[in-house]
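Written out below as structure tokens is the structure these notes cover.
The values are calculated or read from the model by the stated rules, or taken from the named source; none is laboratory data. Note that this is a predicted model, so its numbers are computed, not measured. Counting neighbours? That spans all protein chains shown, and the Cβs are built from the backbone with ideal geometry, glycine included. Heavy atoms of the whole protein, side chains included, go into the accessibility calculation; ligands, DNA and RNA do not. Shrake-Rupley method; radii C 1.70, N 1.55, O 1.52, S 1.80 Å.
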Amino acid sequence: MSTLAWRPMTEADLDGVAAVAAVGFPDHFEGRDCFENRLALNPSGCFVLAGEGGVKGYLVAYPWTFGSAPALNTLIEALPAEADVFYLHDLALHPDVRGGGWSRPIVEQLAVEAGAAGWPAVALVAVNDAAPFWERHGFAVSDASGMAAKLASYGPDARYMVREL
């Protein structure tokens, strides 16, 4: 898998992204149209880990409002004008490449680019008991007011997390 590399996502990658999402998040389904929507809204925040074998991972991020998260598998008409944080919507790796150190480079690239663009933080919702994974990437659990009901829709282990830039 040494031919893999992170690169900007294109429309041609969307089937592969949806396939990785289905394997990576079977309990948090998001369809191809959701990824197509995010790519259209913020292409500079969408990346794939790909090589000769196709798409093996992806990262999707965009401006959003602190202390909130879009509902799963919903389309967004526009990014919020009052956005005050960069939201890491999703990072997924195919099981074939997990544990290979592929997440750190793209998370760090996102943090550097978001900071350079003036965003004060990157926020996310950790699911599937992933809070320790995100802590290793510099994120900390945040008790953002108003997130309890939203987090419940993501599952009992969901945590809203923030990485200050």
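Probing with 1.4 Å while keeping every protein chain in the model, the per residue accessible area of the chain equals 47 Å².
Summing Lys and Arg as +1 and Asp and Glu as -1 over all other residues whose Cβ lies under 12 Å from the Cβ of VAL162 gives a net charge of -2. If only the Cβ of Lys and Arg carry +1 and only the Cβ of Asp and Glu carry -1, the dipole of the range 41-165 around its Cα centre is close to 180 debye.
Here the accessible area of the range 1-117 is 55 percent carbon and sulfur, with a 1.4 angstrom probe and all protein chains present. For the range 116-165, taking the reciprocal of the average inverse distance between every pair of different Cα atoms yields a Kirkwood hydrodynamic radius of 11.2 Å. The label point for ALA19 and the one for GLU82, both projected 7 Å from the Cα toward the Cβ, are 4.2 nm apart. Protein-only accessible surface at a 1.4 angstrom probe places the residues THR65, THR3 in the order THR3, THR65, largest first.
Taking θ as phi - 60° and the Karplus parameters 6.51, -1.76 and 1.60, the scalar couplings of the range 22-28 work out to 4, 7, x, 9, x, 8, 9 Hz in sequence order, x denoting glycine and proline. Computed over the range 110-165, relative contact order equals 49 percent, with contacts defined as Cα pairs under 8 Å that lie 6+ residues apart. Shown in residue order for the range 140-148 are the 3J(HN,Hα) couplings computed by the Karplus curve 6.51 cos²θ - 1.76 cosθ + 1.60 at θ = phi - 60°: 10, 4, 10, 8, 4, 5, x, 8, 4 Hz (x for Gly and Pro).
Relative to the longest principal axis of the chain, what angle (0 to 90°, nearest 10) does the C-alpha long axis of helix 103-116 take? On a 0 to 90 degree scale, this one is about 50.
Based on C-alpha pairs under 8 angstrom that are at least 6 apart in sequence, the chain has a relative contact order of 20 percent. Between the range 97-162 and the range 1-77, the alpha-carbon centres lie 15 Å apart.
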